[in-house]
Amino acid sequence: MNTDGMIHIATCNIHKGFSQFNRNLAIHDLREQLRKLTPDIVFLQEVQGLHVQHSQRYANWPDQPQHEFIAEDIWADTAYGRNVVRDHRHHGNAILSRFPILSSHNQDVTHLRFERRGLLHSMIEVPGLAQPLHCVCVHLSLLGRSRQLQLDALANHIETVVPRQAPLIIAGDFNDWRNRAHDELAGRLGMIEAFSGHQRRPPRSFPAVLPMFRLDRIYVRGFLVRTVMVHSGRVWSRITDHAALSARLGIVRK
């Protein structure tokens, strides 16, 4: 095998476009920070697709859904999966891509009625890859039992619809501070956690100002991890409550 070419990915829970503790509307600054990272593909969680009351309250509330506002003029294709739907508002996960998104599907993996969750699965045509890249954006439950059921549903979904040799990235907010995702994703699906080769454990990503908990992850299959980074500190804590993660991945040619 050899590697020719690289793709750069990032994941971030954007907290519906507000700073930590909802102190300030931060979607504009968040957009600028994500653009500075220059990723090819972005996995976003807690994306506000619609909120009529906020649009009336905040003069600078974007006219577009948040994922379209962030992507504008940079990421040509987007996918959005609504998970929580209320009167006059909804939010969920999103994937932004510089490359063509061939198809997208949002799978409902809700276990508890008061905690709606979904898996956003997109197939992306990436130059240099013989097969479409499968990308899954996740935001799993806060509760351990529900999270385990969602991980099993995720693994079942991948085993059913994604060819074993197809390149695969799963990223997002796992809420998995006990690192129970390893068996399902690393063991069962043959994936690697992107940060494991650099620090032997998933990264600390929450809270953004001084990360202590290992909630956010990037899992990959069919790539070599070149570099990884946690984007945290004062700048990020002013625009969201989670640190962003990024990774540069070498494309494996067989």
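Determine the pairs where a residue that is under 20 Å from S122 (Cβ atoms) and aliphatic (A, V, I, L, M), located within the range 71-95, has a partner that is part of a strand (DSSP E or B) and open to solvent by 50 Å² or more (accessible area, probe 1.4 Å) with Cβ atoms under 6 Å apart, the partner being 6 or more residues away or on another chain.
Correct list of pairs: A71/T78; A79/S104; A94/Y80.
Considering only residues of the range 202-246 that are of a type in the set (S, T, Y) and closer than 29 Å to Q131 by Cα, which is surrounded by the most Cβ atoms within 10 Å (Cβ to Cβ)?
Y219
Against the condition open to solvent by 60 Å² or more (accessible area, probe 1.4 Å), part of a helix (DSSP H, G or I) and either more than 18 Å from V228 (Cβ to Cβ) or among the acidic types (D, E) (or both), how does R145 come out, does it pass?
In short, yes.
Please tell me if Q53 is open to solvent by 20 Å² or more (accessible area, probe 1.4 Å), over 24 Å from F174 (Cβ atoms), modelled with pLDDT of 90 or more and among the polar types (S, T, N, Q).
The answer is no for Q53.
What single numbered condition from (1) part of a helix (DSSP H, G or I); (2) buried (at least 17 other Cβ atoms within 10 Å of the Cβ) fails to hold for P39?
(1)
For the range 108-160, enumerate the residues that are within 20 Å of R86 (Cα to Cα), of a type in the set (K, R) and under 18 Å from the mean Cα position of the chain (by Cα).
Result: R116, R117.
What number of residues in the range 80-101 are over 21 Å from I170 (Cβ atoms) and either among the basic types (K, R) or crowded, with 23+ Cβ neighbours inside 10 Å (or both)?
Residues flagged as over 21 Å from I170 (Cβ atoms) and either among the basic types (K, R) or crowded, with 23+ Cβ neighbours inside 10 Å (or both) within the range 80-101 amount to 2.
Any residue that is touching a Ser or Thr at 6+ places or on another chain (Cβ under 9 Å) and in contact (Cβ under 8 Å) with a residue 40 or more places away in the chain - is there at least one of those in the range 47-60?
no
Residue pairs, Cβ under 8 Å, 6 or more apart or interchain, first in the range 229-243 and assigned to a helix (DSSP H, G or I), second at pLDDT 90 or above and not small (G, A, S). List them.
R234/V209; V235/Q33; W236/Q33; W236/V209; S237/P207; S237/V209
Just one of T38, T3 is modelled with pLDDT of 95 or more and hydroxyl-bearing (S, T, Y); which is it?
Going through T38, T3 in turn, the sole match is T38.
Check the range 72-84 and report whether any residue there is touching a strand residue (DSSP E or B) at 6+ places or on another chain (Cβ under 7 Å) and closer than 17 Å to L245 by Cα.
No; the residues of the range 72-84 include none that is touching a strand residue (DSSP E or B) at 6+ places or on another chain (Cβ under 7 Å) and closer than 17 Å to L245 by Cα.
Mind counting the residues in the range 8-36 that are in contact with a Phe, Trp or Tyr (Cβ under 8 Å, 6 or more places away or on another chain) and not in a helix (DSSP H, G or I)?
Within the range 8-36, residues that are in contact with a Phe, Trp or Tyr (Cβ under 8 Å, 6 or more places away or on another chain) and not in a helix (DSSP H, G or I) number 7.
What number of residues in the range 43-56 are in contact with a His (Cβ under 9 Å, 6 or more places away or on another chain) and part of a helix (DSSP H, G or I)?
Selection size over the range 43-56: 2.
The values are calculated or read from the model by the stated rules, or taken from the named source; none is laboratory data. Bear in mind the structure is a predicted one, so any value in this text is a computation, not a measurement. Note that we place each Cβ from the backbone using ideal geometry, even for glycine, and neighbour counts take in every protein chain shown. Surface areas here come from the heavy atoms of the whole protein model, side chains and all, with no ligands, DNA or RNA. Shrake-Rupley method; radii C 1.70, N 1.55, O 1.52, S 1.80 Å.
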